[in-house]
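Single-structure report; data block below.
Please treat every number below as a calculation from the coordinates, not as lab data. It should be emphasised that the depicted structure is a prediction, and the values quoted were computed from it without experimental measurement. Note that we place each Cβ from the backbone using ideal geometry, even for glycine, and neighbour counts take in every protein chain shown.
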Amino acid sequence: MTRKAARNAADYPLPMPIGLSRKAVYEIGNDAADLFGMGSSGMPPDEALEQLEEIVARLGGDIIRLGFAELTAQEMRVGSIEIHSEEEFDIYLLDEVGMGPIAARETLAHELGHYILHHPLSDDGTLRANHMGEGPSQQAENEATWFAEALLLPDAALRDAAQKTNAAKVLARIFCVSEATVRNRARALDVKVS
Ligand SMILES: [Zn+2]
């Protein structure tokens, strides 16, 4: 039996917010993007997903993809993270049929936000997050999403790319994110996109 199997992740605490502004969380996300070599790749979505999967693996994360048939038992786990220790965590995603590479990248980046922002605040070194935030947990969900926006669309790289084209659709393709994510990030950074 592995160490993680010996513990019940349902008992892990939910994330507490770090209580930083969106701008401050963006700075943390920009730094992480630098560290991990993220930016405008222009690579096909599948390759861009693999790049992020490798970063997750390097940090000690396993990615578990579940099909619709497994949803009944595992419903709460889809698009979620269970952190067993700093070196060991699981991220649950829908399988390739239910979740394409763009959505998988955005979800992985969000879950990494919980790992980087919220796990250090856990008293016992464990954490679970499943998008079901209430109260303080909802703020933590927002923080993880802000982190993801900055990781996938680093400030300097987005501004550079936006000088060549301000079409959200094209920027979304260059950075392998959804158009909605481009628009959210651009609005927050006051970068004009069409
Ligand atoms: Zn979350």
Q. Points 7 angstrom from Cα along the Cβ direction at F68 and K23: gap in nanometres?
A. 4.6
(Q) Through the Karplus equation 6.51 cos²θ - 1.76 cosθ + 1.60, θ set to phi - 60°, convert the phi angles of the stretch 158-170 into ³J(HN,Hα) values in whole Hz; use x for Gly and Pro. (A) 5, 4, 4, 5, 6, 6, 8, 8, 10, 7, 4, 4, 6
Q.
Nearest 500 deg cm²/dmol is fine: what mean residue ellipticity at 222 nm does the chain get from its DSSP H runs of n ≥ 4 alone, each adding -39,500 (n - 2.57), divided by its residue count?
A. -14500 deg cm²/dmol
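Provide V56, V177 in ascending order of the number of other Cβ atoms located within 10 Å of each residue's Cβ, fewest first. Don't skip to the end; give the middle numbers.
Numbers: V56 19, V177 24.
If I rank by nearby Cβ atoms, fewest first, I get V56, V177.
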(Q) Per-residue counts of other Cβ atoms within 10 Å, averaged by peptide: what ranking do you get for 160-170, 141-151, 88-98, highest first? (A) 141-151, 88-98, 160-170
Q) What is the set of long-range amide H partners of I64 at a cut-off below 5 Å, with H atoms built 1.01 Å from backbone N? A) I91, Y92, L93
Q. Counting only residues 5 or more places away or on other chains, whose amide H sits under 5 Å from the amide H of H131 once H atoms are built in the peptide plane?
A. none
Q: Averaged over every viewing direction, what's the projected area of the C-alpha convex hull for the stretch 4-153? Give it in nm², one decimal, please.
A: 8.6
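Counting only DSSP beta bridges with both residues in the chain, what percent are antiparallel, rounded to the nearest 5?
Details: 8 of 14 bridges.
Taking every DSSP beta bridge within the chain, about 55 percent pair in antiparallel fashion.
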